[in-house]
Amino acid sequence: MNRQLSQQEIDSVFQDLRGNQEARASARRAVSFDFRRPDRIAKSQLRAIHQLHDNFVRNLVSSLSAYLRSYLIVNLVSVEQLSYSEFLECLPSPTCIASLGLKPYDANAVLEMNSSLIFPILEILLGGDGKLQFDGQREITEIEQVLLDGLFRLILRDLHEAWKFVTNIDFTIDTIETEPQFLQILAPTEAVVAVAIEIRIGESMGMMNIAMPSIIIKMMRQKFDQQWSLRKSESTDVEQARMLNLIRGSRLDSEVLLSGPEMLLRDLMHLEAGDVVSFDRAAAQPLDMRVNGDRRYVGELVRVGQRAGFRILDLVREDAR
């Protein structure tokens with residue numbers, strides 16, 4: 001028991017002691033927290049917003065095409081969270097940027113459209129084809145802002161329709177600016193959900209950007225969970241009526257087949273005018289009517305003037321098709 005420790009054993013003891021001290025120090029080490037982003041929303045809610053604006057884009061392309069009487073391509077590019085200052089830094093200058101009221105919520109959103117979109121649209125509204133060259137460094141005038149009023153009202157209407165499945169928001173334009181830095185409606189560090197949408201009109205292309213305060217969207221989390229799950233599980237009466245109106249004019253192939261007997265190929269090749277082929281079914285036996293290849297109705301052949309017709313006797317049940 002009086003054995004002396006070797007130098008290696010002494011060094012090992014001090015190394016273990018030093019390692020334990022460092023482990024305790026690292027356990028007490030503070031974890032960095034970004035106080036600029038206390039209102040960030042969950043990724044699941046961000047995905048729901050992406051799907052919401054995907055529906056908005058599909059409706060917008062139809063509305064803008066009818067309004068401008070021109071062929072457009074509209075794509076949803078991204079949905080992400082940024083600080084308000086980062087959002088403004090991504091915008092070109094000059095541009096057309098509007099402050100949006102979000103009634104009944106006490107907050108403001110931002111809608112921005114690049115000059116590369118605004119001037120071709122103005123030309124189309126004035127009777128042109130949108131192909132003239134323009135000065136991208138020029139600010140829009142007050143008269144041009146009045147001409148764009150109908151365009152903004154159309155965009156806000158489709159935006160309202162897209163958001164009403166979550167909550168009713170009345171989007172209104174409060175002010176319009178040409179320099180992003182002049183529109184200081186939010187604190188620079190406040191988080192926003194930025195939606196980037198690409199619009200092509202002929203040979204012209206530009207971006208439309210929307211920013212909504214994350215704190216407002218975070219307040220709607222319960223409505224997202226309720227309304228969005230309901231929307232995904234079943235369609236509303238309005239959606240069903242709209243879909244029916246879209247497909248009402250579609251053409252479908254219908255046919256009534258009188259099934260005959262099996263024949264040898266050599267017998268079929270020797271058939272001539274005047275030959276009679278016997279069908280293995282009674283004359284009064286019901287026939288099937290197929291629509292696009294699916295058995296839908298049961299009925300009988302009738303005479304309609306100088307033509308043959310088909311009288312429907314019954315519908316074919318889903319499990320009997």
- Report whether or not T178 is surrounded by 12 or more Cβ atoms within 10 Å (Cβ to Cβ), touching a residue at least 60 places away in the same chain (Cβ under 8 Å), closer than 26 Å to R221 by Cα and β-branched (V, I, T). no
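Let's see how each residue does on (1) closer than 30 Å to G202 by Cβ; (2) among the hydrophobic types (A, V, I, L, M, F, W, C); (3) at pLDDT 85 or above; (4) assigned to a loop (DSSP other than H, G, I, E, B):
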site: H50; (1), (2), (3), (4): yes, no, yes, no
site: L82; (1), (2), (3), (4): no, yes, yes, no
site: F87; (1), (2), (3), (4): yes, yes, yes, no
site: L91; (1), (2), (3), (4): yes, yes, yes, yes
- Task: Taking P188 as the residue in question, decide whether it is in contact (Cβ under 8 Å) with a residue 12 or more places away in the chain, touching a helix residue (DSSP H, G or I) at 6+ places or on another chain (Cβ under 7 Å) and more than 18 Å from Q145 (Cβ to Cβ).
- Result: yes
- Message: Regarding region 187-197, can at least one residue be identified that is under 18 Å from A98 (Cβ atoms) and among the polar types (S, T, N, Q)?
- Response: no
- Item | Any chance E161 is surrounded by 14 or more Cβ atoms within 10 Å (Cβ to Cβ) and either out of contact with any Phe, Trp or Tyr (no Cβ under 9 Å at 6 or more places or on another chain) or at pLDDT 90 or above (or both) | yes
- Identity of the residue in region 268-293, at pLDDT 85 or above and surrounded by 10 or more Cβ atoms within 10 Å (Cβ to Cβ), that ends up farthest from R311 (Cα to Cα): L271
- Message: Is it the case, given these coordinates, that E177 is acidic (D, E) and over 25 Å from M212 (Cα atoms)?
- Response: no
- Task: Return a yes/no flag: does region 98-117 have any residue that is over 19 Å from the mean Cα position of the chain (by Cα), modelled with pLDDT of 90 or more and among the hydroxyl-bearing types (S, T, Y).
- Result: yes
- Note on the structure: Pairing a residue in region 100-121 that is more than 15 Å from P180 (Cα to Cα) with any residue that is part of a helix (DSSP H, G or I) and of a type in the set (A, V, I, L, M, F, W, C), where Cβ atoms lie under 6 Å and the two sit 6 or more apart in sequence or on different chains, gives Y105/I216; A107/I216
- Residue check, K131 against (1) over 20 Å from T167 (Cβ atoms); (2) modelled with pLDDT of 90 or more; (3) surrounded by fewer than 18 Cβ atoms within 10 Å (Cβ to Cβ), all met but one. Which one? (2)
- When you look at A308, is it loosely packed, with under 10 Cβ neighbours inside 10 Å, outside the structural domain of A48 (by TED's automatic domain parsing) and of a type outside the set (S, T, N, Q), yes or no? no
- What number of residues within region 97-130 satisfy the criterion of being assigned to a strand (DSSP E or B) and either of a type in the set (A, V, I, L, M, F, W, C) or not assigned by TED's automatic domain parsing to the domain that holds S204 (or both)? 8
- Assess whether I247 counts as being closer than 30 Å to K164 by Cα and among the β-branched types (V, I, T). yes
- Message: With the requirement that a residue be surrounded by 10 or more Cβ atoms within 10 Å (Cβ to Cβ) and among the charged types (D, E, K, R), what does region 258-267 give you?
- Response: D267
- Kindly check whether there is at least one residue in region 186-203 that is out of contact with any Leu (no Cβ under 9 Å at 6 or more places or on another chain), modelled with pLDDT under 85 and among the charged types (D, E, K, R). yes
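The values are calculated or read from the model by the stated rules, or taken from the named source; none is laboratory data. These numbers come from a predicted model, not from an experiment. Positions of Cβ are backbone-derived with ideal geometry, glycine not excepted, and every protein chain shown enters the neighbour counts.
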